[in-house]
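Accompanying notes for the structure given below.
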Amino acid sequence: MHRHVRPSSGDPARDVVVVGGGIVGLAVAWHAAAAGLTVVVLDPAPGDGAAHAAAGMLAPVTEADFGEEEALRLHLAGAARWPGFAAALQDATGADVGLRDAGTLTVAYDTDDLAVLRRVLRLHAEHGLGSHELTTADARRCEPLLGPRLAGAAWAPGDHAVDPRATCAALRRAVERSPGCAVVPRAVVGLERDASGRVTGARDGSGRVHRAGAVVVAAGWESGALVAEVPEVRVPTRPVKGQTLRLDAGPDLGLEHVVRGLVQGRPVYVVPRDPVPDGARAGHREIVVGATSEENPDDRRATAGGVFALLRDARALVPGLDEAALVDVTPRARPATPDNLPLVGATDVAGLHVATGHGRNGVLLAPVTADAVVAGLTGTTLPDDVAAALVPARPDRFGPRALPPAAEPRVARHDGPHLAHNPGFGPRAATSTTPATPR
Ligand SMILES: Cc1cc2nc3c(=O)[nH]c(=O)nc-3n(C[C@H](O)[C@H](O)[C@H](O)COP(=O)(O)OP(=O)(O)OC[C@H]3O[C@@H](n4cnc5c(N)ncnc54)[C@H](O)[C@@H]3O)c2cc1C
């Protein structure tokens, strides 16, 4: 059931207020604008959340994990939408968001790592994901910069990457160019409701109320606190801190593929961007190395142990990284949920939509999330396969609900098995500053 945007009254109201101008909020705002809605995005620092740290891997295959079939279906739906999304964004703004479709290599450092990799490849085969094992000779032919110690490798041709910083900048431009739309650098401190309980706007830190027919909360890991004042809805987001490094590689380090690796059980990745076309750094590539995963708040502080561990494991895969300049260390927090799935769509409270909790895959899922939220705002229908993939992301699944059972609007929905598989914090929620997860 969709809740349509209702024209708002009074004040220079817009159709939609989006709280949070991260990659998800900006994608929602842009798609809403493309659907003819007027939108204001409120964010004190647009683009400076988790997306600022993200490597930008679009990796439904190499992210696939045991017992996470629903996430896999959603991630595949997300990946399918990226080429069209990037092309449309380029048409709208002229910006190249750095979508690279060169595929992904996964490298096993020792024989134990290879045993794990082969188990994962069997999982991929069960789901027909198109990955396969490579001989070490073939892996080196594919990526000559791989290091000398290599027990085995695998190839995932469908896993790609994009530049999240460039994407956020382009999305912001696209929103700002849309008629009746704006990005306002203000933090939201509360939601406005009318006597019927409908959410009618958002209050910023200066006390100004931004009225709208609908409010979309897309404030990353901080979404839960914002929605806490609406007791009918539970949005259990928490921060999972991650650190990435950015290297400036000169023209000689011609790394072409995303290289993921297991180094004595520790996941690490190396993500190259296209070489800079001109200027003082012509021919240089940015290379992102990541990522730590820590059950810690977003304190924006890099740790010596985190940086050390990332560099140690990355240079085991690609020794040539030693020559690159370390230009940036970026700590930010992923918006995580108890079952590692996002919350997307209309809530049971009129006027309130959510788009958050994307954890390690918010870049991958931004386009499909935008489609889903805008379908809810406009009352349009998604293709059946996309709608089915989004069922596990329903925003009411954590309850409690205030509505009596007889009034429940979501009759067709079922409880996904992921709740049984993963009742608490998932296996990726390691408390460690070592790179315990790949994103
Ligand atoms: C180290 C690291 C590596 C990652 N790598 C990948 C990857 O390779 N691929 C991938 O798909 N994903 C990756 N991710 C995950 C991805 O970055 C996130 O899932 C994604 O950024 C979530 O988008 P978002 O817009 O919901 O949140 P964010 O990007 O965090 O944006 C939230 C925004 O909300 C704003 N905000 C917060 N509170 C308020 C408020 N009260 N009022 C107004 N605005 C507010 C913030 O300022 C921020 O701009 C990575 C994340 C990290 C940390």
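The values are calculated or read from the model by the stated rules, or taken from the named source; none is laboratory data. Note that the structure is predicted; figures quoted are calculated from it, not measured. Neighbour counts run over all protein chains shown; Cβ positions are idealised from the backbone, glycine included.
So, restricting to strands (runs of 3 or more DSSP E) that lie completely within segment 139-226, which ones have at least 2 residues that are crowded, with 17+ Cβ neighbours inside 10 Å?
On the way: elements: 152-156, 182-184, 188-193, 199-204, 209-217.
Here the list reads 152-156, 188-193, 199-204, 209-217.
Quick one: would you say residue 81 is basic (Lys, Arg), buried (at least 16 other Cβ atoms within 10 Å of the Cβ) and within 15 Å of the ligand (Cβ to nearest atom)? Step through it out loud before you land on a result.
Values: basic (Lys, Arg): yes; buried (at least 16 other Cβ atoms within 10 Å of the Cβ): yes; within 15 Å of the ligand (Cβ to nearest atom): yes.
Criteria met by residue 81.
Restrict the check to segment 358-372 and report whether at least one residue is in contact (Cβ under 8 Å) with a residue 60 or more places away in the chain, within 11 Å of the ligand (Cβ to nearest atom) and over 21 Å from residue 83 (Cα atoms).
yes
Do we have any residue at all in segment 114-132 that's within 16 Å of the ligand (Cβ to nearest atom) and over 30 Å from residue 34 (Cβ atoms)?
Just the residues of segment 114-132 that are within 16 Å of the ligand (Cβ to nearest atom), to begin with: none.
Checked against the condition, which is being within 16 Å of the ligand (Cβ to nearest atom) and over 30 Å from residue 34 (Cβ atoms), segment 114-132 yields no hits at all.
Could you give every pair whose Cβ atoms fall below 9 Å, whose first residue belongs to segment 85-99 and is at positive phi and touching a residue at least 24 places away in the same chain (Cβ under 8 Å), and whose second residue is among the small types (Gly, Ala, Ser) and not in a helix (DSSP H, G or I), counting only separations of at least 6 or pairs across chains?
These pairs meet every condition: 98/56; 98/161.
If residue 394 passes every condition in (1) at pLDDT below 95; (2) of a type in the set (Lys, Arg); (3) crowded, with 17+ Cβ neighbours inside 10 Å but one, which one does it miss?
Evaluating residue 394 over (1) at pLDDT below 95; (2) of a type in the set (Lys, Arg); (3) crowded, with 17+ Cβ neighbours inside 10 Å leaves (1) as the failure.
Could you list, in sequence order, the residues of segment 1-49 that are at pLDDT 95 or above, touching an Asp or Glu at 6+ places or on another chain (Cβ under 7 Å) and more than 16 Å from the ligand (Cβ to nearest atom)?
Across segment 1-49, the qualifying residues are 37, 38.
Determine, yes or no, whether residue 304 is more than 10 Å from the ligand (Cβ to nearest atom), under 30 Å from residue 149 (Cα atoms), surrounded by fewer than 21 Cβ atoms within 10 Å (Cβ to Cβ) and not basic (Lys, Arg).
On the way: more than 10 Å from the ligand (Cβ to nearest atom): yes; under 30 Å from residue 149 (Cα atoms): yes; surrounded by fewer than 21 Cβ atoms within 10 Å (Cβ to Cβ): yes; not basic (Lys, Arg): yes.
Criteria met by residue 304.
Residues 266, 234: which one is of a type in the set (D, E, K, R), under 30 Å from residue 369 (Cα atoms) and surrounded by fewer than 22 Cβ atoms within 10 Å (Cβ to Cβ)?
Working: 266 fails: under 30 Å from residue 369 (Cα atoms).
Only one candidate qualifies: 234.
Here are 330, 378: which of them is among the β-branched types (Val, Ile, Thr), touching a Leu at 6+ places or on another chain (Cβ under 9 Å) and either more than 26 Å from residue 34 (Cα to Cα) or within 16 Å of the ligand (Cβ to nearest atom) (or both)?
Working: 378 fails: either more than 26 Å from residue 34 (Cα to Cα) or within 16 Å of the ligand (Cβ to nearest atom) (or both).
After applying the criteria, what remains is 330.
Here are some residues: 349, 318. Which one is more than 16 Å from the ligand (Cβ to nearest atom), among the β-branched types (Val, Ile, Thr) and more than 29 Å from residue 145 (Cα to Cα)?
Numbers: 318 fails: more than 29 Å from residue 145 (Cα to Cα).
Unique residue meeting the criteria: 349.
Could you identify the single residue in 93, 62 that is at pLDDT 95 or above and in contact with a strand residue (DSSP E or B) (Cβ under 9 Å, 6 or more places away or on another chain)? Please lay out each step first, then the result.
Details: 93 fails: in contact with a strand residue (DSSP E or B) (Cβ under 9 Å, 6 or more places away or on another chain).
Being at pLDDT 95 or above and in contact with a strand residue (DSSP E or B) (Cβ under 9 Å, 6 or more places away or on another chain) holds for just one of 93, 62, which is 62.
Looking at segment 235-268, which of the residues that are closer than 30 Å to residue 396 by Cα and part of a strand (DSSP E or B) is farthest from the ligand (Cβ to nearest atom)? Talk me through it step by step, then tell me what you get.
Restricting attention to segment 235-268, the residues satisfying the condition of being closer than 30 Å to residue 396 by Cα are 235-242.
When the remaining residues are screened for being part of a strand (DSSP E or B), the result is 238-242.
Numbers: 238: 13, 239: 9, 240: 8, 241: 7, 242: 3 Å.
Restricting to residues being closer than 30 Å to residue 396 by Cα and part of a strand (DSSP E or B), the top hit is 238.
Taking segment 349-389, which residues are of a type in the set (Ser, Thr, Tyr) and either crowded, with 24+ Cβ neighbours inside 10 Å or assigned to a helix (DSSP H, G or I) (or both)? Steps first, please.
Initially, segment 349-389 is screened for residues of a type in the set (Ser, Thr, Tyr), giving 356, 369, 378, 380-381.
The answer is 356, 369, 378.
From the list 369, 337, 356, which one is closer than 21 Å to residue 192 by Cα, touching a strand residue (DSSP E or B) at 6+ places or on another chain (Cβ under 8 Å) and among the hydroxyl-bearing types (Ser, Thr, Tyr)?
Details: 369 fails: closer than 21 Å to residue 192 by Cα; 337 fails: closer than 21 Å to residue 192 by Cα.
Going through 369, 337, 356 in turn, just one is closer than 21 Å to residue 192 by Cα, touching a strand residue (DSSP E or B) at 6+ places or on another chain (Cβ under 8 Å) and among the hydroxyl-bearing types (Ser, Thr, Tyr): 356.
Return yes when residue 200 is away from the ligand (no atom under 14 Å from the Cβ), within 28 Å of residue 341 (Cα to Cα) and polar (S, T, N, Q) and no when it is not. Can you show your working first?
Values: away from the ligand (no atom under 14 Å from the Cβ): yes; within 28 Å of residue 341 (Cα to Cα): yes; polar (S, T, N, Q): yes.
In short, yes.
Which residue is farthest from residue 354 (Cα to Cα), if the candidates are limited to segment 177-208 and must be in contact (Cβ under 8 Å) with a residue 24 or more places away in the chain and of a type in the set (S, T, N, Q)?
Top of the filtered list is 178.
Among 175, 183, which is among the β-branched types (Val, Ile, Thr) and touching a Phe, Trp or Tyr at 6+ places or on another chain (Cβ under 7 Å)?
Values: 183 fails: touching a Phe, Trp or Tyr at 6+ places or on another chain (Cβ under 7 Å).
Criteria check complete, one pass: 175.
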